[in-house]
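Before any comments, here is the structure.
Nothing in this text is a laboratory measurement; each read-out follows from the coordinates by a stated rule. Since we're looking at a predicted model, the values are computed, not measured. In this analysis, Cβ positions are derived from the backbone assuming ideal geometry, glycine residues included, and neighbour counts consider all displayed protein chains.
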Amino acid sequence: MAAELTMTLEVFRYHPETDAGPRFQAFEVPYDEDWVVLDAINWIKDHVDGSLTHRWSCRMGVCGSCGMMVNGEPKLTCAAFLKDYFPRPIKVEPLVNFPVERDLVVSMDGFMEKLQAVKPYIIRDDVDDTSGGEYLQSPAELARYKQYSMCINCMLCYAACPVAGHEDEFLGPAALALGHRYNKDSRDRGQAERLDVMLVGEAIWGCTFVGECTVVCPKHVDPAGAIQQAKAVGAQEFFKRFVMPKGTGA
Amino acid sequence: MSGRYHRPHRWAWFLERPGYGRFMARELTGFFVAAYLVVLVVALGRLGDGEAAFAEWLAAVSGPGWTIAHVVALVAAVWHSVTWFAAVPQAMPLHLGERKLPAPLAAVVMGYGPWLTVTAAIVWWVMR
């Protein structure tokens, strides 16, 4: 019987109770060409070290929970196959540009605050009135925002964005893309409320269009494009507000 | 207990991904484009001073150093233009009904097409 093939996973470890700083720990895992990096991490947790901490759920690129740095690249580990790296070692780290809670788990607090700030939901003042039936929308109107609605909040785009890592005021790719998604929705009436948040300081203007958020996005959302479009809307709104400040209208 | 771990800021962040390097190259080419605009403004100023002044300026910028500077500025301007034309369809997507125009076609419609049209018009105006 042939010896079982293995490969090495170098895993970022950090336990706040005992560690002053992070360290890497090497694990030898079975190599199976059908396995993804998440399978290998789960195998380590089940068979070698139960204290290894990571997030995951669906295993099919939908929940957005298992985003990590795989050899320095932000990836959904459920979609990163071992065979694409074998026989070289794989280095697994928590997503960069986020504080690390423990091992491979990052804090999502800052992201959640930014996401909520852009009000990623349809805003109308007539939601209690259903007498008119559904809010109708044509396929062409749907096409204007559908791409941006595919975001799964995996935060890979934040890990790929150099601005997100250096500028706290910047709302970041996913939050801005979702804000733009609702601004482009023909059923929505909340653009002014969102722009009040998006146009402040570096919230959107911090983006320098590096474009790597779009490169790493596993759902092809194109946050970089959404942000540039939102900037154009914001620039128009800025001049409108300059000419006609709030409160001076009828 | 030391709480959450914050990675240190990376000053050499632009070396971490090829895409960051391409971004920096695009931004740096802007410097050469801006510098060449200054050269053109000076040229216009000398042209306004008369034929002799312009001829003197032309002689001053015809050495090998200036030739190299012109080539560098041309390469930088072309790189800057091409990378921006590639980015235009992201910033200004064109829709035909439910369909989004493919990015290469949108780049031609909004970038290369107008660029070549204006260039051809200028060449025609100068050569007529």
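General remarks:
- The value obtained for chain B, namely the Cα convex hull volume divided by the number of residues, is 209 Å³ per residue.
- Rounded to 10°, Cα long-axis angle of helix A:37-47 versus longest principal axis of chain A: 50
- As a rough footprinting exposure proxy, the listed residues A:GLU33, A:GLU134 were ranked by other beta carbons within 10 Å of their own, and the order from fewest upward is A:GLU134, A:GLU33.
- GNM flexibility winner over chain B from B:ALA87, B:ALA106, B:ALA53 (Cα, springs under 10 Å): B:ALA53
- In terms of other Cβ atoms within 10 Å, A:VAL48, A:VAL127 run from fewest to most in the order A:VAL127, A:VAL48.
- Choice from B:MET92, B:MET110, B:MET24 with maximal GNM fluctuation in chain B (Cα, 10 Å cutoff): B:MET92
- Loop-located trypsin sites (Lys or Arg not before Pro) in segment A:118-151 (DSSP state not H, G, I, E or B) with no more than 13 neighbouring Cβ atoms inside 10 Å: A:ARG124.
- Comparing B:ARG22, B:ARG46, B:ARG99 in a Gaussian network model of chain B, where Cα atoms under 10 Å apart are tied by springs, the biggest mean-square fluctuation is seen for B:ARG99.
- Listed pairs A:LYS114/A:LYS219; A:LYS45/A:LYS219; A:LYS75/A:LYS184; A:LYS146/A:LYS219; A:LYS91/A:LYS114; A:LYS45/A:LYS91 exceeding 23 Å between Cα atoms: A:LYS45/A:LYS219; A:LYS75/A:LYS184; A:LYS91/A:LYS114
- Proxy reagent accessibility, fewest Cβ within 10 Å first, across B:THR117, B:THR29: B:THR117, B:THR29
- Neighbouring partner chain Cβ atoms per residue of B:88-98, average, 10 Å criterion: 5
- Listed by chain and number, the aspartates and glutamates whose C-alpha is less than 18 Å from the C-alpha of A:LYS83, apart from same-chain residues fewer than 8 away, are A:GLU4, A:GLU10, A:GLU28, A:ASP32, A:GLU33, A:ASP34, A:ASP39, A:GLU73.
- Between 0 and 90 degrees, the angle of helix A:223-243 with respect to the longest Cα principal axis of chain A falls at about 30 degrees.
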